[in-house]
Amino acid sequence: MARRGAAALALALALAPLAVVLAALRAQGAALQAPDPHAQETWSREPYYARREPRPEPFPPPLPAGTGAGGRGPSPAEPRPPQKATKPKKAPGTDRLAPQTPPPGKNSNRKGVRTKNSEKAASDDHSIPVAHDDVREGCPPLGLETLKITDFQLHASTSKRYGLGAHRGRLNIQAGINENDFYDGAWCAGRNDLHQWIEVDARRLTKFTGVITQGRNSLWLSDWVTSYKVMVSNDSHTWVTVKNGSGDMIFEGNSEKEIPVLNELPVPMVARYIRINPQSWFDNGSICMRMEILGCPLPDPNNYYHRRNEMTTTDDLDFKHHNYKEMRQLMKVVNEMCPNITRIYNIGKSHQGLKLYAVEISDHPGEHEVGEPEFHYIAGAHGNEVLGRELMLLLMQFLCQEYLAGNARIVRLVEETRIHILPSLNPDGYEKAYEGGSELGGWSLGRWTHDGIDINNNFPDLNTLLWEAEDRQNIPRKVPNHYIAIPEWFLSENATVAVETRAVIAWMEKIPFVLGGNLQGGELVVAYPYDMVRSMWKTQEHSPTPDDHVFRWLAYSYASTHRLMTDARRRVCHTEDFQKEDGTVNGASWHTVAGSLNDFSYLHTNCFELSIYVGCDKYPHESELPEEWENNRESLIVFMEQVHRGIKGVVRDFHGKGIPNAVISVEGVNHDIRTVPLHLMSDAVPEKLGPTRLMVFLPLPHWLLDKGSLRLLCLNEV
């Protein structure tokens, strides 16, 4: 019996390694069968249209990295400050990052500041799985900048104060006007020593591939980290330092505070937590940094929370970033798909000679129809705010597809509205931002035109002309409150006016727009005029227009139908909380801007213009575009539909002919509007008014309305 027991024990010991191998094979098989991390639940909006059930696409090959947490390993060596930031070795050409499936975006052609590290380095500690791939896979940002990573997922060793806490260590976050408030421009450690760190909890196993860092956003202080170590962990207690051979790897940090610097890990590391440990910093500054983490979440079929909160779209659109050539080609494709309702034209050229292309969508493209209001969207006035540009390209695809599919709502919109979409007002600036890429362009690369002009505040300041005239009491004639003429100095060739600005002004003077929206980025709010304060020496002051109630409604129509703008649980992008006004704000009460497009449009034309800030991230990663489209799709359509609110009609003389330049005013509203000019008139002329009192038939010189008396004035009576 003893001999038999000993034999059984020996057999059990012999089979133990085999059991381990079989368990490993089963784990590997489970990994092969695991769903792709990018296979997300779809978001369908009914009753848009009857959608066909999408065909399931085959999952791409799973990540070879293990998904287990692993056991504890030896503690990492104590961090040592380098004498100087060591420059990482150049990676071999065969180990470059390759696009992941689905493509992670425009990471492969980014030309921002980046460092490359040796590929042969690997951690000696096997408690953290290392993803050994023949071809490196590029991973998207985890979402510090886009706020997908919540404040509760960011932790730090110490902080100087709350306004410099870990939750402020997000790439491109901007400081408040008063930098000593709750909204400062980085995470700053409470002490300057080698034991400080900031970490991110991904809340699931993630394949980390890189780190992007910036210094502190500040007008007065210069704080940034010049080198750092990277550590990973599965439990936030046992940490493994990324190695370079047998020693801890020192990553080169920033040399100034605004330009982002990318460091790719020598080998992707699989873990839940990642920690940045500063090793050196600017001599006259402190340990302060903003950052973004690149990583691919691993499949976790048991994690219900993540599966329920991942969302993409069922719309079959081209979700990618388009450079100028690709944008032009996409417009051509849309025009060929819907030749009967689309027309491509340009309104002028940029400083570099790139044409400013626009797409018209209407049942009679190229023709101004009686009673059909004109609407426009403009995007890309700041070249680096590219989300609006891509939303416009997606919108024109969507309108074409839905019109062909017979979507009643879209068909009605196209047949009853003349829609103009100008996706890129500043193509020169965009090309600069495109070269930098979605993470390495910083906050301002490509913002201005090629000759350094900010288009957003490059229009003539008509507010001052109006308000100064109203303040003078000795003027014998009535002060005009609309169609204010552009000053002569602005029209001179020597004026500091961008060619793009002149092109937009000519476009707006030629086409009688009723309503328009210009899409911008870096915030999540809809701003309405006035954008300029009336009181001198003030930077913020509520400055309403005479049509303030209408502008508030128009802004709310967009914000209330956006998926996030009116969400009270949403974290502020940078410093401003716009929830008290339901995702809307008077432009001047936010920050004063002289010569804005909104104010110019209101005072020089009949068009009611608003600024729509569509996202905290000016240049989101390509993988974010489907979700951003879902966030904004309904709002974009609802806002266009507002052009049909109010009253509309035709103004004729006794012989039935249309009257050009007839002034329409509403009692109690100190802002008039006019009928369209002669070059757009026909026998029956559409009356293009603002959304307050859109066009009315006037058989008598006076027509009573609920909100006042509408009266028709001859031009010489003004």
Centre separation in Å (Cα based) which lies between the stretch 495-569 and the stretch 408-475 = 10
Considering the Cα trace of the stretch 534-593, what is its radius of gyration and what is Dmax, both in angstroms?
-> 12.6, 38
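If you filter the stretch 238-337 for chymotrypsin sites (Phe, Trp or Tyr not before Pro), then keep DSSP loop positions with at most 10 other Cβ within 10 Å, what is left? Kindly include the intermediate steps, with their values, before the conclusion.
Values: sites: 239, 251, 273, 281, 282, 304, 305, 319, 324; in loops: 239, 282, 319.
Here no chymotrypsin sites (Phe, Trp or Tyr not before Pro) fit, given the DSSP loop and packing criteria.
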Scaled radius of gyration (Cα, divided by 2.2 N^0.38 Å) that the stretch 160-252 gives | 1.20
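State whether the stretch 418-560 is rounded, prolate or oblate according to the following rule on the C-alpha gyration tensor (a ≥ b ≥ c being the square roots of its eigenvalues): a/c under 1.5 gives rounded; otherwise a/b larger than b/c gives prolate, and the remaining case gives oblate.
Values: a/c = 1.78, a/b = 1.45, b/c = 1.23.
In terms of gyration-tensor shape, prolate.
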In nm, the gap between the two label points placed 7 Å beyond Cα toward Cβ at residue 567 and residue 151 is 1.6
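Using Cα-Cα distances under 8 Å and only pairs 6 or more residues apart, what relative contact order does the stretch 411-541 have, in percent? Show your work: numbers first, answer last.
Numbers: 61 pairs, mean separation 24.8, N = 131.
Relative contact order comes out at 19 percent.
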Highest mean packing first, using Cβ neighbours within 10 angstrom, the peptides 329-339, 618-628 sort as 618-628, 329-339
How many nm is it between the label spots at residue 161 and residue 502, if each spot is 7 Å from the Cα in line with the beta carbon?
-> 4.9
Write down the radius of gyration of the stretch 182-338 and its Dmax, each obtained from C-alpha positions, in Å.
-> 20.0, 63
Counting only heavy atoms of the protein chains, get the accessible area per residue of the stretch 283-413 (1.4 Å probe) and round it to a whole Å² value.
-> 38
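Can you compute the FRET efficiency between residue 416 and residue 332 using 1/(1 + (r/R0)^6), with r the Cβ-Cβ distance and R0 = 30 Å? Round to the nearest 0.05.
On the way: r = 26 Å, r/R0 = 0.87.
Computed FRET efficiency for residue 416 and residue 332: 0.70.
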Ignoring ligands, DNA and RNA, what percent of the 1.4 Å accessible area of the stretch 544-679 is carbon and sulfur?
-> 52
Per the 1.4 Å probe, what fraction of the accessible area of the stretch 168-286, in percent, lies on carbon and sulfur atoms?
-> 50
Given labels modelled 7 Å from the Cα in the Cβ direction, how far is it in nm from residue 246 to residue 542?
-> 7.1
Quick shape check on the stretch 444-520: root eigenvalues a ≥ b ≥ c of the Cα gyration tensor, a/c under 1.5 is rounded, otherwise prolate if a/b tops b/c, else oblate, and it reads prolate
Of the listed pairs 320/355; 257/580; 148/618; 243/320; 160/257, which have alpha-carbon separations greater than 25 Å here?
-> 257/580; 243/320
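Determine the relative contact order of the stretch 474-586: mean sequence separation of Cα pairs under 8 Å and six or more apart, normalised by residue count, in whole percent. Write down the numbers at each step before the final one.
Details: 78 pairs, mean separation 29.1, N = 113.
Dividing the mean separation by the residue count of the stretch 474-586 yields 26 percent.
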Taking the alpha-carbon centre of each part, the distance from the stretch 613-631 to the stretch 183-204 in Å is 26
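The values are calculated or read from the model by the stated rules, or taken from the named source; none is laboratory data. A quick note: this is a predicted structure, and the numbers were derived from the prediction, not measured. Cβ coordinates were reconstructed from backbone atoms using ideal geometry, including for glycine residues, and neighbour counts include every protein chain displayed. These accessible areas exclude ligands, DNA and RNA; they are computed on the full protein's heavy atoms, side chains included. Shrake-Rupley method; radii C 1.70, N 1.55, O 1.52, S 1.80 Å.
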